[in-house]
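Down below is the structure, laid out as structure tokens.
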Amino acid sequence: MKRHIVLVMATRIMVPFILIFSLYVLAHGEISPGGGFQGGVIFAAGWILYSMVFGKEEFYRRISRNMLLAFTAIGVMIYTLVGYVSMFNGGTYLEYAKLPGLDMKTGNSIGLLLIEIGVFITVFSVMLLLFFEVGKKDG
Amino acid sequence: MSIVLKISMVIILLASFFSLYRLIKGPTFFDRVLTVNLIGTKVVVLLVLIDFLYDRPEFVDISLAYALINFVGTIAILKLKEKGRLD
């Protein structure tokens, strides 16, 4: 679809804003609608738009498929690591206030942001993998 | 001020019901795609009006996300129609 000049230019303008907006949704998940899952889906939608217009190969030049597969696990790992670190510091699982070097208030914010980042990474890589695997020519 | 917002919300709802006619009757595929896009745009305006009516600024975020998903979905449907595959 590289010959559609309107589509290509619109995509070039839209994609950076979609990615920035997804990070905004991720960071404001505590106080407004949004969070890790929604931000990840919007992030994946931006890359899906990019790879629909410029082709799958152009996307895989940036993040390889094995990298995406690794990201699905890295996000879950971040989530569980935050949970276990607070557990081994004397709290319960995912008790953010017990994270090392943080007090009650900042610990809650930073712990929540960390697990949201984990959810974000897993969701966007799973969404992209689903899109590419379902869209394959030979199934 | 709020009565103006309510009236305009009703008018937008009526307009999207009128555009449903083109969705059902529409002679070609592209009329239907255009209708879906049009109703999506009306939903974006409706969400912004709800934001002003209830004074809850989070609705602007939702309407932005809706506009992005609307754009991506339209392009996906059109590409599927043209190429028969998505990637």
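Here are the numbers for the structure shown:
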{"item": "Of all residues in region A:1-37 being of a type in the set (Lys, Arg) and without any contact (Cβ under 8 Å) to a residue 24 or more places away in the chain, the one that is nearest to the other protein chains (Cβ to nearest Cβ)", "result": "A:Arg3"}
{"item": "Among (1) more than 8 Å from every other protein chain (Cβ to nearest Cβ); (2) surrounded by fewer than 20 Cβ atoms within 10 Å (Cβ to Cβ); (3) assigned to a helix (DSSP H, G or I), the one test that A:Ile63 misses", "result": "(3)"}
{"item": "Number of the exception - A:Val76 against (1) surrounded by fewer than 15 Cβ atoms within 10 Å (Cβ to Cβ); (2) within 14 Å of chain B (Cβ to nearest Cβ); (3) β-branched (Val, Ile, Thr); (4) touching a residue at least 12 places away in the same chain (Cβ under 8 Å)", "result": "(2)"}
{"item": "Restricting region A:1-41 to residues that are assigned to a loop (DSSP other than H, G, I, E, B) and among the hydrophobic types (A, V, I, L, M, F, W, C), the residue that is modelled with the highest pLDDT", "result": "A:Ile31"}
{"item": "Filter pass, A:Val53 being within 11 Å of chain B (Cβ to nearest Cβ), touching a residue at least 12 places away in the same chain (Cβ under 8 Å) and surrounded by 16 or more Cβ atoms within 10 Å (Cβ to Cβ)", "result": "yes"}
{"item": "Qualifying residues in region B:51-70 (those that are over 14 Å from the mean Cα position of the chain (by Cα) and aromatic (Phe, Trp, Tyr)) - the one nearest to B:Leu5 (Cα to Cα)", "result": "B:Phe52"}
{"item": "Filter result for the condition that a residue is surrounded by 16 or more Cβ atoms within 10 Å (Cβ to Cβ), assigned to a helix (DSSP H, G or I) and away from chain A (no Cβ under 14 Å), over B:Leu20, B:Leu49, B:Leu64, B:Leu13", "result": "B:Leu49"}
{"item": "Answer from A:Gly101, A:Gly111 - the residue that is of a type outside the set (S, T, N, Q) and surrounded by 13 or more Cβ atoms within 10 Å (Cβ to Cβ)", "result": "A:Gly111"}
{"item": "Single residue of A:Phe120, A:Phe132 found to be in contact with an Asp or Glu (Cβ under 7 Å, 6 or more places away or on another chain) and within 20 Å of A:Gly75 (Cβ to Cβ)", "result": "A:Phe132"}
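The values are calculated or read from the model by the stated rules, or taken from the named source; none is laboratory data. Fair warning: this is a prediction, and the values are worked out from it, not measured in the lab. Positions of Cβ are backbone-derived with ideal geometry, glycine not excepted, and every protein chain shown enters the neighbour counts.
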